[in-house]
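Student: Structure in structure tokens, see below.
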Amino acid sequence: MKISVRAGGLIKSGPERDLIDDYLKRANSLARPLGITEISEHAVDLRKAKSRADETQMLIANIAHTDVLIVLDERGKEFTSRGLAKNIANWRDDGQKRVYFAIGGADGFEPPVLPAGTIKWRLGSQTWPHKLVRVMITEQIYRGLAILAKTPYHRD
């Protein structure tokens, strides 16, 4: 199984980029023994989008209807780190080939454009800058894998 983070906007260099890259490196170091072949992050340039629907279409382009799509949305369900780990294990065990975490543009996703079966999650009640959301979701993916690998990183 492969896990990808798709995010609107570009992050070139700086502390956020460093943190994202660090958590991706850590997650990838745990992934293979857990049956996950790759964890990656892809920036989607949304500057040419003329509407929220265009942004949503750009972010979900080339995602197959059989893939798992999780969009980070303020109206979504909150999840725990252990819950994320359990979901990753379930998707892997169910034979999913790809899992996508999508972070939308400043105005979020256009709901009618999202495919049926899209999962909506949120990182809490607060509003977070998009750069930090990328850091937080890559950290949570790493944390989820650390839980599955039974490392001492996560403490309840």
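Student: Applying the selection to region 84-109, what residues are in contact with a helix residue (DSSP H, G or I) (Cβ under 9 Å, 6 or more places away or on another chain), modelled with pLDDT of 95 or more and not aromatic (Phe, Trp, Tyr)?
Tutor: Across region 84-109, the qualifying residues are Leu84, Ala85, Lys86, Asn87, Ile88, Ala89, Arg92, Gln96, Val99, Ala102, Ile103.
Student: Just wondering, is there one or more residues in region 86-106 that are in contact (Cβ under 8 Å) with a residue 40 or more places away in the chain, farther than 24 Å from Asn62 by Cβ and not acidic (Asp, Glu)?
Tutor: yes
Student: Condition (residue is more than 12 Å from the chain's Cα centre (by Cα) and surrounded by 19 or more Cβ atoms within 10 Å (Cβ to Cβ)) applied to region 82-89: is it met by at least one residue?
Tutor: Yes, some residue in region 82-89 is more than 12 Å from the chain's Cα centre (by Cα) and surrounded by 19 or more Cβ atoms within 10 Å (Cβ to Cβ).
Student: Right, something else. Looking at region 52-60, is at least one residue more than 28 Å from Gly117 (Cα to Cα), among the hydrophobic types (A, V, I, L, M, F, W, C) and in contact (Cβ under 8 Å) with a residue 12 or more places away in the chain?
Tutor: no
Student: Next up: Filter region 1-24 for residues that are farther than 23 Å from Val68 by Cβ and in a helix (DSSP H, G or I) and give the result.
Tutor: Result: Pro15, Glu16, Arg17, Asp18, Leu19, Asp21, Asp22.
Student: Please determine whether any residue of region 28-44 is over 18 Å from Gly8 (Cα atoms) and basic (Lys, Arg).
Tutor: yes
Student: Another question, if that's okay. I'd like to know if region 94-103 contains one or more residues that are aromatic (Phe, Trp, Tyr), buried (at least 16 other Cβ atoms within 10 Å of the Cβ), in contact with a strand residue (DSSP E or B) (Cβ under 9 Å, 6 or more places away or on another chain) and within 27 Å of Tyr153 (Cα to Cα).
Tutor: yes
Student: Kindly list the number of the only condition in (1) modelled with pLDDT under 95; (2) over 16 Å from the mean Cα position of the chain (by Cα); (3) surrounded by 14 or more Cβ atoms within 10 Å (Cβ to Cβ) that fails for Gly8.
Tutor: Every condition holds for Gly8 apart from (2).
Student: Out of Thr80, Thr56, Thr37, Thr66, report the one residue that is closer than 13 Å to Gly144 by Cβ and among the hydroxyl-bearing types (Ser, Thr, Tyr).
Tutor: Thr80
The values are calculated or read from the model by the stated rules, or taken from the named source; none is laboratory data. Since the structure is predicted, the reported quantities are computational estimates derived from the model, not experimental observations. Note that we place each Cβ from the backbone using ideal geometry, even for glycine, and neighbour counts take in every protein chain shown.
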